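A short worksheet on the structure shown next.
The values are calculated or read from the model by the stated rules, or taken from the named source; none is laboratory data. Owing to the predicted nature of the structure, the values given are computational and were not obtained by experimental measurement. Cβ atoms come from the backbone with ideal geometry, glycine included; neighbour counts cover every protein chain shown.
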Amino acid sequence: MTIIEQAVDVLQKATKVVFFTGAGISAESGIPTYREKLSGIWAGYDPRDLETAKAFRENPPLIWGWYLWRRLRVAQAEPNAAHLAIPHMANLLRHVSVITQNIDDLHERAGSLNVVHLHGSLVMPKCFACHRPAVVPPDQSTLPVEGALVEPPRCKRCNGKMRPAVIWYGEDLPTQAWKAAVQLVKDCDLLISVGTSGIVMPAAGLPDLALESGASVIHVNKTDVAMGENREFMLIGAAAEILPMLLERIEAGKTRGT
Ligand code: NAD
């Protein structure tokens, strides 16, 4: 059996499947991963240095402007064939869940339900001082073009500066989301990791947890990110090609009654 046939076989036999996704799944929707260089006023910055409370404290307009620009890109983007394949698979397989490190909403817009967001969301900002969410999200039509420094708006309750409600480096993951993710991974018999470099902890530990709990792991990535364990299958290529191909084979298997 080829590696693809083996992966399809595992997928067809699985009863509980978890998709664990990272920035790579949204790359073909035009949303850059952190491996790509920034341009404009952010050129020369490593995104990981902009994703910190320290960076926000030192230069709020730089960080707020960067997030507004990212929100605009997400608002203009569409889910791609990889996002769309997941809810289709959910119709064919027994139980499918999605855990994402992404802060975009492309899984939801593709039709996936109950997506667990480990790193928060770009959509609704929160207050840097009192941590409460914004009363209303900023109007999409006022989002700036690339390169704007923008003073963050003020919290309607405490007058603190608003910040994006995403998890910055050095911050804890949301407890509920993390607990839900660990439970789903411990209970699954197959985890499909899509477009994640496996570097950002603790989320990156979820494929290991799946293997330790006896599940199989399929990696879908443009580069080899497998850890060389048994029960791991590395499918190298673009997510927007590989996930629809897996979907097609499952559909064909259903038609044949296998
Ligand atoms: P990452 O940037 O560290 O790695 C991206 C991975 O995707 C790489 O391994 C790369 O080889 C792979 N990849 C790139 N294009 C691909 C494609 N078309 N098909 C399949 N794989 C592809 O991303 P990460 O592992 O998610 O972790 C970094 C952090 O980046 C996360 O915390 C996440 O919140 C944040 N982030 C999110 C977004 C988003 O919401 N879309 C975008 C950029 C960064």
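Observations on the structure shown:
- Filtering the stretch 186-203 to residues that are within 11 Å of the ligand (Cβ to nearest atom) and aliphatic (A, V, I, L, M) leaves Val194, Ile199, Val200, Met201, Ala203.
- Test: Gly228 is away from the ligand (no atom under 11 Å from the Cβ), without any contact (Cβ under 8 Å) to a residue 24 or more places away in the chain and not in a loop (DSSP other than H, G, I, E, B): no
- Matching residues, the stretch 102-133, being among the small types (Gly, Ala, Ser), within 10 Å of the ligand (Cβ to nearest atom) and outside any loop (DSSP other than H, G, I, E, B): Gly120
- Tally, over the stretch 193-217, of residues that are in a helix (DSSP H, G or I) and farther than 19 Å from Glu171 by Cα: 6
- Selection count where residues are near the ligand (Cβ under 8 Å from one of its atoms) and among the β-branched types (Val, Ile, Thr), scope the stretch 1-23: 1
- Single unsatisfied condition, Arg73 versus (1) farther than 20 Å from Ala204 by Cα; (2) within 17 Å of the chain's Cα centre (by Cα); (3) away from the ligand (no atom under 11 Å from the Cβ): (3)
- Among the residues making up the stretch 203-234, a single one is under 18 Å from Lys16 (Cβ atoms), among the small types (Gly, Ala, Ser) and under 18 Å from the mean Cα position of the chain (by Cα): Ala210.
- Check on Ala252, more than 15 Å from the ligand (Cβ to nearest atom) and either in a loop (DSSP other than H, G, I, E, B) or not polar (S, T, N, Q) (or both): yes
- Selection from the stretch 204-223 of residues that are touching a helix residue (DSSP H, G or I) at 6+ places or on another chain (Cβ under 8 Å) and either closer than 22 Å to Asp49 by Cβ or within 7 Å of the ligand (Cβ to nearest atom) (or both): Val220, Asn221, Lys222
- For first residues located in the stretch 67-78 and farther than 12 Å from Gly30 by Cα, partners that are surrounded by fewer than 20 Cβ atoms within 10 Å (Cβ to Cβ) and of a type in the set (D, E, K, R) and lie 6+ apart or on another chain with Cβ distances below 8 Å form the pairs Trp69/Glu146.
- Residue that is farthest from the ligand (Cβ to nearest atom) [pool: residues in the stretch 24-52 that are modelled with pLDDT of 85 or more, of a type in the set (A, V, I, L, M) and in a helix (DSSP H, G or I)]: Leu50
- Whichever residue in the stretch 171-207 is charged (D, E, K, R) and modelled with pLDDT of 95 or more and, among such residues, is nearest to His131 (Cα to Cα): Lys179
- Members of the stretch 212-240 found to be surrounded by fewer than 18 Cβ atoms within 10 Å (Cβ to Cβ) and closer than 19 Å to Val98 by Cβ, listed by number: Ser213
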